[in-house]
1. Quick one: which residue in P86, P13 is touching a residue at least 24 places away in the same chain (Cβ under 8 Å), in a loop (DSSP other than H, G, I, E, B), crowded, with 24+ Cβ neighbours inside 10 Å and not assigned by TED's automatic domain parsing to the domain that holds G289?
2. If the requirement is being touching a Leu at 6+ places or on another chain (Cβ under 7 Å), at pLDDT 95 or above and crowded, with 19+ Cβ neighbours inside 10 Å, which of these qualifies: W23, W37?
3. Check E151 against each of (1) among the charged types (D, E, K, R); (2) part of a helix (DSSP H, G or I); (3) under 23 Å from the mean Cα position of the chain (by Cα) and name the one condition it does not meet.
4. Residues of segment 233-259 being surrounded by fewer than 24 Cβ atoms within 10 Å (Cβ to Cβ) and touching a residue at least 40 places away in the same chain (Cβ under 8 Å), which ones?
5. Based on this model, can you work out whether F213 counts as farther than 16 Å from V164 by Cα, aromatic (F, W, Y), buried (at least 24 other Cβ atoms within 10 Å of the Cβ) and under 23 Å from the mean Cα position of the chain (by Cα)?
6. Between a residue in segment 140-153 that is in the same structural domain as L205 (by TED's automatic domain parsing) and closer than 16 Å to R196 by Cβ and any residue that is surrounded by 21 or more Cβ atoms within 10 Å (Cβ to Cβ) and polar (S, T, N, Q), which pairs come within a Cβ distance under 8 Å, given they are 6 or more apart or on different chains?
7. Exactly one condition in (1) surrounded by 24 or more Cβ atoms within 10 Å (Cβ to Cβ); (2) within 20 Å of the chain's Cα centre (by Cα); (3) closer than 22 Å to E387 by Cα is not met by T264; state its number.
8. Show the residue pairs that are 6+ apart or on different chains and have beta-carbon atoms under 7 Å apart, the first residue being within segment 327-347 and assigned by TED's automatic domain parsing to the domain that holds A163, the second being in a loop (DSSP other than H, G, I, E, B) and among the β-branched types (V, I, T).
Amino acid sequence: MKLRDLDIIVTAPPAPGWGGRYWILVKVTTDTGVTGWGECYASAIGPDAMKAVITDVFSRHMEGENPENIELMFRRAYSSGFTQRPDPGVIGAFSGLEIACWDILGKDRDCPVYALLGGRMTDRVRAYTYLYPMAHHSLPDFWIDPDMAAESALALVEQGYTAVKFDPAGPYTARGGHQPSLHDVDTSVAFCAAIRGAVGPRADLLFGTHGQFSTGGAIRLAKAIEPYNPLWFEEPVPPDNIASMAEVARATSITVSTGERLTTKAEFAAVLAAGAANILQPALGRSGGLWETKKIAALAEAHNAQMAPHLYAGPVEWAANVHFATSIPNILMAETIETTFHKALISNAITVEDGYISAPSTPGLGIDVDEALARAHPYKGTGLHLEMQEEPISYNAPNAFEGGAPVQNAD
């Protein structure tokens with residue numbers, strides 16, 4: 001069996017658009033007719049350019065190869081152009097293609113992907129979700145309103161979720177780390193207080209940031225929210241500044257987490273070695289795929305750290321996350337996004353029930369991708385999947401962070 005054909009679909013989730021402006025899905029077919037699906041996570045270049053990268057990686061390093069030879073194909077891509085270092089574009093392309101290889105192998109062997117990754121370690125994976133506005137909540141008010149956030153959190157807990165994430169501390173900017181404004185500190189405290197008051201001990205609070213703070217600014221903010229006992233403080237400083245992240249970790253009782261913008265074991269190993277984070281959040285469509293991320297999980301296990309795979313993408317990457325999470329001993333939880341489009345795109349094959357995701361039992365990734373639905377929603381915009389704000393934050397009023405891909409109008 002050899003990899004033969006590649007098709008790439010860039011689909012744009014309709015309103016409300018949670019999960020980014022677009023998702024890049026890859027469909028790989030073997031010479032025996034077995035098809036596998038993968039997803040390449042957010043890239044620093046537009047979808048047309050990324051499609052060219054994916055095509056090049058496939059034709060140069062994978063086409064004509066047996067899909068079993070994951071390690072060989074990874075080393076080809078990792079070493080491409082005499083680099084042998086993490087390249088987010090190349091590894092992001094390879095990650096989605098690698099996921100498709102595992103889908104092929106599972107279908108060919110008539111077993112779930114996790115059965116090929118060491119087997120099932122857990123029957124159910126704990127799920128968490130961002131706080132998203134409810135139908136009666138107004139935008140953009142929701143993003144800086146602690147009472148609306150608390151109402152959303154309580155509704156999710158009533159559904160069975162035991163952890164909710166929110167990021168009220170203002171936007172990330174292209175300018176790097178900064179001190180939070182006092183308005184944003186106060187808003188963050190108010191969010192933590194309101195949500196903790198609403199859910200009590202029924203759910204963990206996951207405090208999200210996006211690497212937007214200076215070292216001192218991150219410590220200042222952590223001290224302000226510590227009384228509400230968040231489970232984690234996510235990516236408090238820019239992800240490439242590992243020493244600063246370790247300084248923040250030493251200065252707060254809140255566990256530091258990071259990983260959505262990191263790729264391969266090389267970058268995650270450096271984080272672990274520095275003691276910069278105790279919870280790792282790889283995005284499998286960027287981190288190197290399933291096999292490479294299993295290695296990252298093993299490194300984390302040796303450092304007594306846990307895994308919480310990230311998701312701000314489509315349901316194909318989510319399916320890969322679930323198989324990965326099912327197969328490792330040090331899983332903490334997995335991020336989820338529940339929208340009608342997410343569910344429909346995989347024919348509702350994987351679901352969250354009472355706050356947990358059951359391990360799929362059907363072959364491959366266990367999903368049936370609705371290809372026609374994906375093609376019916378092509379991306380026609382000019383923005384990247386996620387984008388940073390160029391302007392500095394305001395110190396005169398709260399900064400309403402609407403996400404890297406602001407909600408689309410329903411019309």
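1. Only one candidate qualifies: P13.
2. W37 is the lone residue from the list that is touching a Leu at 6+ places or on another chain (Cβ under 7 Å), at pLDDT 95 or above and crowded, with 19+ Cβ neighbours inside 10 Å.
3. Checking E151 against (1) among the charged types (D, E, K, R); (2) part of a helix (DSSP H, G or I); (3) under 23 Å from the mean Cα position of the chain (by Cα), the one that fails is (3).
4. P238, N241, S244, I254
5. Yes; evaluated as a whole, the condition is true for this residue.
6. P146/T187
7. Exception for T264: condition (3).
8. Close Cβ pairs (under 7 Å, with a partner that is in a loop (DSSP other than H, G, I, E, B) and among the β-branched types (V, I, T)) amount to I331/T122; L345/V369; I346/I367; I346/V369.
The values are calculated or read from the model by the stated rules, or taken from the named source; none is laboratory data. Treat the numbers as computed from the prediction; the structure is a model and nothing was measured. Don't worry about glycine lacking a Cβ; one is built from the backbone with ideal geometry, like all the others, and counts go over all protein chains shown.
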